[in-house]
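Presented below is the structure to which this report refers.
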Amino acid sequence: MAVADELESPNLTHHRRDPAAKDEDEDCLAAPELLPLWFERGLVVATVGVLSFGGFGLLLAVVGHYSILPVVAVGTVLTVVASVVAWPRRAEHSTGARGMSRGIRYPAIGMCIIAVGFATWNGLDAAHHVAIGRDPGVNAVAGKWIATHGDLEVPADPQWATKPGALSVVLPGTYLQDGNRLEFQFDHLVPVLLAEADNLGGDGLLFRVPAVLGALALCAVYAAGCRFVRRPWLVLAAVGTLALSLPQLNVSRDTYSEPSVELLLWSGLWLMLVAYQRKRFGMALVAGAALGGTMLGRVDAFIYLIPLPMLGALVLLAARSREDRSHLRRLHLGVLIGAVPLAVLGMFDVIVRAGHYYADLHTQINELQLALAASVLVAVVLLAVWPRLAPHAAGVSDWVAARRQGLAVGSAVVLVLGLLAAWVLRPAVMAGHNEAIPLVAGLQAQAGLPVDPTAAYSEYSISWVSWYIGPIAVTLAIIGVGLVAARMWRRIDPAGALLLTVAGFGSALYLWKPSIIPDQIWAMRRFVPDTMPLMVLLAAVSIAALGRVVATSAAGGAWHQPVVAVGATGMLMFPLGTTFPVANFQPEAAVLTVVQAACKTVGPRGAIVFAADDPDGLLLPTAVRTWCNVPVAVLTRPQSAAELQQIARSWQASGRTLWVVGSSADAITKSARGVTAGLVA
């Protein structure tokens, strides 16, 4: 039994509940630590480092005064101060007997090995995504622009307006603002982090930032998972499953925003649980900052904040004493103080520096803002009204207590059957639709499917997840939801309540309506920050429960460890088999080399027009404008030789040479008549 204890339940020698209950699942706020002190401290430093360097760098970029020296100076000071405020203390941290502590230390070391391997593996195959086909290209180009220009405004090169010919100065991935400047789409936390890496280590380091963020995000999921599942080795297997899944690899190899949001979300959840257990105001501050900091990376991160006010009110109402309520109010205030400034900075960034993007999404953002306001209102009403209703609710409490077992089983069955129906039956009875998207129609035609450009395929969202972590893992995750819900009727599990309400709320919304173009693997980015981590952890909950059932059976402890080991191995095998054939995929490999070759050919005194109706004109002008730092425009129709000569002479008067760029010699000669094309790259 010593081995089984080490695998399943480290350090249960302290803070035990009533022995008569024989409940192996210790209350998260009373149970001993399942992370080594060094792991906790490292995760705190990593989280506050991303917030400090990213947040301060973003503030400077938004106001147009970004520079690496003040970012390094102030970011370092902020990181040190915030780390001290939230520093895990040895006096608060116990890992129990030596044998039990090995069951904590070794899986944590394994998690670090996985994280280093993950960062190395994905860093070797990092994308060179500078073509503006989708978000990663915009993030990379915006990061390079910030690194070299210190702001988020791209001059619209007004000299083009004086040139003859049909030209467009609105570059892909940007919006024209006030007629004289361009602004990049999206939130800008990731571009700022990329800019800082570029200033410190050039383009090579810029494109490897997501791999590092993805590795740190895995550590954050592991930390929160240890408080949720309370089986470190099993949590390690769950996080290994996530690390091998193609969606996690895809966003960690390319310049997506999801790894940064995933890191801040799960670090924030973990820090919140630790803060409430140890009654640490400083940890609550940093937990709030991490959760509010998700707004720096994604405009829809309101989703993670919406459940918090109602959950906080319920926690206050459930407090057993006036002293507990006093501590909870203080910690709630810490979370609020930490979250608000960074959430406001995130909104300020997207409104001021991506105003047209914000306007395009205003309807959806407004719905999320209203939902957050409603959550706050409900929380306030609960706190005001419940004390008056509580004396009259004794009968309800007695009724619930008398039927606790039936309510637990009933709620679990309803949840499990409902989720299974959403997975298996929903595609047969529902069909999601969006506005018409030509890309969807083109992909349908290629696949020989009926063409419907409005098809959203949202009814297949759970199936999408199963393609990458496996149908068995998804089934176990669904069962895990039922187990956690049933456990809540017996006793409140803070980790389960927090993770299911925050990560579960966002997952439920996006599984119902992903609100994304449904081509794979692009659409899976929507599920990386919350759904994929939550599902692998819920699958681990089911495996742990199966292990407990086996341990209490006639076979007893002899089969307990093998059953859990087989379950953990089974979780890992499916994503490994799915990923192995494409293990070294590299998005947009070497595209940056083409851009750099063009810059070398054109030189610093050039001016570039892209051929009309050419793929390069749709994808590369913004990257060329940024890396080459020369005026760039796109021809909106083919030009005559006389028109081109006029444009060239006009630029020559300004000391620049005109270049026409396209994807092929044929594209150039069709669009720019009278020129002879040569190969650049």
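The values are calculated or read from the model by the stated rules, or taken from the named source; none is laboratory data. Source: prediction; values computed, not measured. Counting neighbours? That spans all protein chains shown, and the Cβs are built from the backbone with ideal geometry, glycine included. These accessible areas exclude ligands, DNA and RNA; they are computed on the full protein's heavy atoms, side chains included. Shrake-Rupley method; radii C 1.70, N 1.55, O 1.52, S 1.80 Å.
Span-like helix check, the chain: qualifying full DSSP H segments, with Cα axial length of 27 Å or more and mean Kyte-Doolittle of -0.5 or more, are 37-63, 98-124, 209-229, 258-278, 322-353, 362-389, 404-424, 471-490, 531-551, 557-579. Restricting the calculation to alpha carbons of the range 51-202 gives Rg and Dmax of 21.7, 81 angstrom. The distance separating the Cα centre of the range 609-671 from that of the range 472-543 comes to 49 Å.
Stretching R605 away from V409 to a fully extended chain increases their span by 63.2 nm, per 0.36 nm per residue minus the current alpha-carbon distance.
Solvent-accessible area assigned to carbon and sulfur over the chain amounts to 66 percent, based on a 1.4 Å probe.
Treating each Cα of the range 193-327 as one equal point scatterer and applying the Debye formula with no solvent, the log10 of I(q)/I(0) at q = 0.10, 0.16 Å⁻¹ comes out as -0.40, -0.92. Set against the 2.2 N^0.38 Å expectation for a compact globular protein, the range 287-390 has a Cα radius of gyration ratio of 1.22. Averaging over all projection directions, the Cα-based convex hull of the range 207-266 occupies 3.6 nm² in the image plane.
Per residue, the solvent-accessible area of the range 530-577 (1.4 Å probe, heavy atoms of protein chains only, all protein chains present) comes to 38 Å². Over the range 319-427, accessible surface divided per residue gives 63 Å², non-protein components excluded, 1.4 Å probe. Across every direction, the projection of the convex hull enclosing the Cα atoms of the range 568-654 has a mean area of 8.6 nm². Each of N629, A583, L244 was scored by the projection of its Cα onto the charge dipole of the chain, and the greatest displacement toward the positive side belongs to L244; charges sit on the C-beta of Lys, Arg, Asp and Glu.
The range 227-299 and the range 392-428 have their alpha-carbon centroids 29 Å apart. What would the Debye equation give as log₁₀ I(q)/I(0) for the range 27-86 at q = 0.17, 0.20, 0.24 Å⁻¹, counting only Cα atoms as equal point scatterers? Summing over Cα pairs of the range 27-86 leads to -0.62, -0.74, -0.91. Can you compute log10 of I(q)/I(0) for the range 353-494 with the Debye formula, treating each Cα as one identical point scatterer, at q = 0.11, 0.12, 0.16 Å⁻¹? Log10 I(q)/I(0), no solvent term: -0.78, -0.88, -1.14.
Summarised in one figure, the compactness ratio Rg/Rh of the range 182-242, Cα atoms and Kirkwood Rh, is 1.18. For the pair the range 47-84 and the range 312-390, the centres of their Cα atoms are 25 angstrom apart. With the convex hull drawn around the C-alpha atoms of the range 458-520, the volume per residue stands at 85 Å³. When the charge dipole of the chain is built from unit charges on Cβ atoms (+1 for Lys and Arg, -1 for Asp and Glu) and taken about the Cα centre, the candidate among S458, A551, P471 whose Cα reaches farthest toward its positive end is A551.
Here the sum of -39500 (n - 2.57) over DSSP H runs of 4 or more residues, divided by the residues of the chain, equals -22000 deg cm²/dmol at 222 nm, to the nearest 500.
Scalar couplings 3J(HN,Hα) for the range 154-159, obtained by applying the Karplus form with A = 6.51, B = -1.76, C = 1.60 to θ = phi - 60°, are 9, x, 7, 6, x, 4 Hz; x denotes Gly and Pro. Packing here is the average count of other Cβ atoms within 10 Å per residue, and on that basis the peptides 391-404, 222-235, 266-279, 356-369, highest first, run 222-235, 266-279, 356-369, 391-404.
Three principal axis extents describe the C-alpha atoms of the chain; from largest down they are 93, 53, 50 Å.
Taking the DSSP beta bridges with both ends in the chain, the antiparallel portion is around 55 percent. Peptide packing: for 381-390, 126-135, 146-155, the average count of neighbouring Cβ atoms within 10 Å per residue gives the ranking 126-135, 146-155, 381-390, highest mean first.
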